[in-house]
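The values are calculated or read from the model by the stated rules, or taken from the named source; none is laboratory data. Computed from a predicted model, the values in this text were never measured in an experiment. FYI the Cβ positions are ideal-geometry reconstructions off the backbone, even for glycines, and counts take in every protein chain you see. Calculation scope for accessible area: heavy atoms of the full protein, side chains included, ligands and nucleic acids excluded. Shrake-Rupley method; radii C 1.70, N 1.55, O 1.52, S 1.80 Å.
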Amino acid sequence: QVQLVESGGGVVQPGRSLRLSCAASGFTFSSYAMHWVRQAPDKGLEWVALSSYDGSNKDYADSVKGRFTISRDKSKNTLYLQMNSLREEDTAVYYCARGRAGSSPGHYFDYWGQGTLVTVSS
Amino acid sequence: DIQMTQSPSSLSASEGDRVTITCRASQSISNWLAWYQQKPGKAPNLLIYKASSLKSGVSSRFSGSGSGTEFTLTISSLQPDDFATYYCQQYNSYSYTFGQGTKLEIK
């Protein structure tokens, strides 16, 4: 069965960096786009970043553009989110989520990980 | 960016009731809309995609409809497990956006 397991969250000071990981199993990782979606405490869902199935196309929410970088390692079936210059407003649970297969346009998220909490605080 | 607005923001209903949640897009998104259910402390679960297609394994008590800018999620005959928060999400364009959520509570 499809499984996504995030790790790497924690407490970090403003301006510092953190890298999240998402280990995927149960499907052909290299065939699917992957995303990061976050949820601030007691708030709604916010899409953060997209990696196309082959990693050639990446896109970001305006709120993180220039600070966050999404990447993937097909040999490890793992998705990453490098978060630099963290701000207090980046505090959230970060979920990785599976998008569409191949180069299909438009993405909904059919499987989600359990999430990892990132707290940015001095 | 396309803005998604859900109504109501919260809803009280009883077991066995039929409820409808509305989601409006700030511009036409054709039928590129998904619905999710989220329970406290858990990740969202996909219920419906392409406005009306039910994800495999999801109860047929859930149904979706609409196109363009107005969409609905209907839950027929509420069960105890259905009390949760529901989100719509557009995927017509990049910068995928979600509605603010509708919290469905037990009356």
Longest site-free stretch - chain A; sites: trypsin sites (Lys or Arg not before Pro), DSSP loop, at most 16 other Cβ within 10 Å: A:88-122
Residues whose built amide H sits under 5 Å from the amide H of B:Lys55, excluding neighbours closer than 5 in sequence, are B:Ile48, B:Tyr49
Added length on full extension, which subtracts the Cα-Cα distance from 0.36 nm per residue, B:Asp17 to B:Ile106: 31.0 nm
Residue-wise HN-Hα coupling along the range B:32-46, computed from phi with Karplus coefficients 6.51, -1.76, 1.60 (Hz; x: Gly, Pro): 8, 9, 10, 10, 10, 10, 10, 9, x, x, 10, 6, x, 10, 5
Percent accessible area from carbon and sulfur atoms, the protein assembly as shown, protein chains only, probe 1.4 Å: 43
In Å², rounded to the nearest 100, what is the total accessible surface buried by chains B and A against each other with a 1.4 Å probe? 1600
Treat every Asp and Glu Cβ in the range B:1-71 as -1 and every Lys and Arg Cβ as +1, leave all other atoms uncharged, and give the resulting dipole magnitude about the Cα centre to the nearest 20 debye. 220
Stick to the Cα atoms of the range B:12-63, pair each with every other, and give me the Kirkwood hydrodynamic radius in Å at one decimal. 12.8
Extreme residue, positive dipole direction of chain A, given options A:Pro14, A:Leu45, A:Phe68 (C-beta unit charges): A:Phe68
Per residue of the range A:29-35, in order, report the coupling 6.51 cos²θ - 1.76 cosθ + 1.60 (Karplus, θ = phi - 60°) as ³J(HN,Hα) in whole Hz, putting x for Gly and Pro. 3, 6, 9, 10, 5, 9, 9
Express the C-alpha Rg of chain A as a ratio against the empirical globular expectation 2.2 N^0.38 Å, rounded to two decimals. 0.99
Apply the Debye scattering formula to the protein assembly as shown, with a single equal point scatterer on each alpha-carbon and no solvent, then give log10 I(q)/I(0) at q = 0.11, 0.17 Å⁻¹. -0.54, -1.24
What are the principal axis extents of the Cα atoms in the range B:30-107, in Å, biggest first? 35, 24, 23
Peptide A:43-49 - average C-beta neighbours from other chains (10 Å radius): 5
Along the range A:80-91, Karplus-curve 3J(HN,Hα) (6.51, -1.76, 1.60; θ = phi - 60°) to the nearest Hz, with x for Gly and Pro, reads 10, 9, 8, 10, 10, 6, 5, 10, 4, 6, 8, 4
Per residue, how much accessible area does chain B have with a 1.4 Å probe, in Å²? 45
Looking only at other chains, what is the average number of their beta-carbon atoms within 10 angstrom of each beta-carbon in B:44-57? 2
Complex-versus-alone comparison for the range B:76-104, residues with a loss of 10 Å² or more in accessible area, probe 1.4 Å: B:Tyr87, B:Gln89, B:Tyr91, B:Tyr94, B:Ser95, B:Tyr96, B:Phe98
The alpha-carbon center of the range B:38-60 and that of the range A:1-67 are separated, in whole Å, by 20
Averaged per residue, what accessible area in Å² does chain A show with a 1.4 Å probe, protein chains only? 45
So which aspartates and glutamates can A:Lys74 reach, going by Cα to Cα under 19 Å and dropping same-chain residues fewer than 8 places off? A:Glu6, A:Asp54, A:Asp59
Accessible area in the full protein assembly, largest first, 1.4 Å probe, for A:Trp112, B:Trp35: A:Trp112, B:Trp35
